[in-house]
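Q: Structure below; questions to follow.
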Amino acid sequence: TNIILLGPPGAGKGTQAHRLVETRDMVQLSTGDMLRAAINAGSPVGQQAKAVMERGELVSDAIVSALIGEHLDDAKGKGAIFDGYPRTQHQAEALEMLLADRGRTLDHVIELKVDEDALVDRICGRFSCAKCGALYHETAKPTAKDGVCDVCGSTEFKKRPDDNEETVRKRMAEYRAKTAPILPFYEAQGVVREVDGMGSVEEVAAAIDAIIDG
Ligand code: AP5
Ligand code: ZN
């Protein structure tokens, strides 16, 4: 199964992708995570992407499509969860080629429908485990034990530099201007499935499971 998780910043794409990876034979392909790894590694791609991401703008199509191609090769034999990609019409077309070249087909585009005002709060309250990347939220999903990661037991956490209100507003504007307009491309293929992203993490997960299991 190959799926795209589509939705604005904070819609819950990463949270749901992590869960799918734990429960199924699927791999998460998050361009945001790939870019942050490139920044941490100090690679040329990372050096180019850093300032762009801190402004909340989109990194170039060529860079992200190349990253996806590399990681898709590593995901051989497993289902792919595209998280945060594609984000432009150009990327949507590039993905068609990447999938076709590898004999994969796109099964579902899961559109997480959310209320934008709630997203600012979700994002500004987000933090993650510095060791395993598990996602938390200051009020909605704190760690079960004070300051200890439920998944790996680490006590170190971090926040993303682009998770401040100003940058979040910019990221949302980019979503409305460049990403939401690719929906008709997928609607024409009959693969778009809407999910209410405002429910609890478990409710959203159940809706996604129902779609994948058909
Ligand atoms: P990226 O890393 O993709 O960020 P994003 O799309 O802005 O999405 P987020 O990671 O903020 O949100 P999410 O939907 O994954 O939500 P999450 O599950 O964490 O991109 C970052 C930047 O990289 C971009 O701005 C751009 O510069 C660049 N980039 C990346 N891909 C690119 C591309 N293809 N082309 C060009 N540039 C690209 O949840 C958020 C919070 O809410 C968490 O705290 C979580 O615990 C909580 N939460 C989740 N679900 C629920 C729920 N149901 N109820 C309550 N709380 C919840
Ligand atoms: Zn952890």
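Q: Where does each of Asp209, Asp163, Asp83 land when they are ranked from fewest to most other beta-carbon atoms within 10 angstrom?
A: Ordered from fewest to most neighbouring Cβ atoms within 10 Å, Asp209, Asp163, Asp83 come out as Asp209, Asp163, Asp83.
Q: Can you flag which of Lys76/Lys170; Lys78/Lys131; Lys13/Lys50; Lys113/Lys141 are past 31 Å Cα-Cα?
A: Lys76/Lys170
Q: Let me ask you something else. Just for the chain, what percent of DSSP beta bridges are antiparallel, to the closest 5? Could you put the intermediate results ahead of the total?
A: Numbers: 7 of 25 bridges.
Among the beta bridges of the chain, antiparallel pairing accounts for roughly 30 percent.
Q: If you don't mind, another one. I need the phi-derived Karplus couplings for segment 102-112: 6.51 cos²θ - 1.76 cosθ + 1.60, θ = phi - 60°, integer Hz, Gly and Pro marked x.
A: Listing the rounded values in order: 9, x, 9, 10, 8, 8, 9, 10, 8, 8, 7 Hz.
Q: Taking only the alpha-carbon atoms of the chain, what semi-axes of the equivalent ellipsoid follow from 5 times the gyration tensor eigenvalues under a square root, in whole Å, largest first?
A: Values: eigenvalues 120, 85, 67 Å².
Equivalent ellipsoid semi-axes, largest first: 25, 21, 18 Å.
Q: With a 10 Å Cβ neighbour count serving as the proxy for reagent exposure, in which order, fewest first, do Ile4, Ile212 appear?
A: Ranked by crowding around the Cβ, least crowded first: Ile212, Ile4.
Q: Still on this structure, I have one more. Ignoring everything except DSSP H segments at least 4 long, calculate the 222 nm mean residue ellipticity for the chain; use -39,500 (n - 2.57) per segment, divide by total residues, nearest 500.
A: Helices in the chain give a 222 nm mean residue ellipticity of -13500 deg cm²/dmol.
Q: Between Ala80 and residues 5 or more places away or on another chain, which pairs have amide H atoms under 5 Å apart, with H built 1.01 Å from N, and which residues are they?
A: Hits under the 5 Å cutoff: Asn2, Ile3, Val27.
Q: Students often get this wrong: which residues of segment 110-149 have the backbone nitrogen under 17 Å from the point 7 angstrom along Cα-to-C-beta of Glu22?
A: Zone members listed by number: 127-138, 140-149.
Q: Sum up the charges of everything whose Cβ sits under 10 Å from the Cβ of Ile211, counting Lys and Arg as +1 and Asp and Glu as -1, but leave Ile211 out.
A: Summing Lys/Arg as +1 and Asp/Glu as -1 gives -3.
Q: Tell me the label-point distance for the pair Ala188, Ala37, using the 7 Å Cα-to-Cβ offset, in nm and rounded to one decimal.
A: 3.3
Q: Quick one: grab the alpha carbon gyration tensor of segment 112-214, order the square roots of its eigenvalues as a ≥ b ≥ c, and give me rounded if a/c is under 1.5, else prolate or oblate depending on whether a/b is larger than b/c.
A: Values: a/c = 2.41, a/b = 1.44, b/c = 1.67.
Cα axes put segment 112-214 in the oblate bin.
Here, each number is a calculation from the coordinates, and none is a lab measurement. Since the model is a prediction, treat every value here as computed from it, not as a measurement. In this analysis, Cβ positions are derived from the backbone assuming ideal geometry, glycine residues included, and neighbour counts consider all displayed protein chains.
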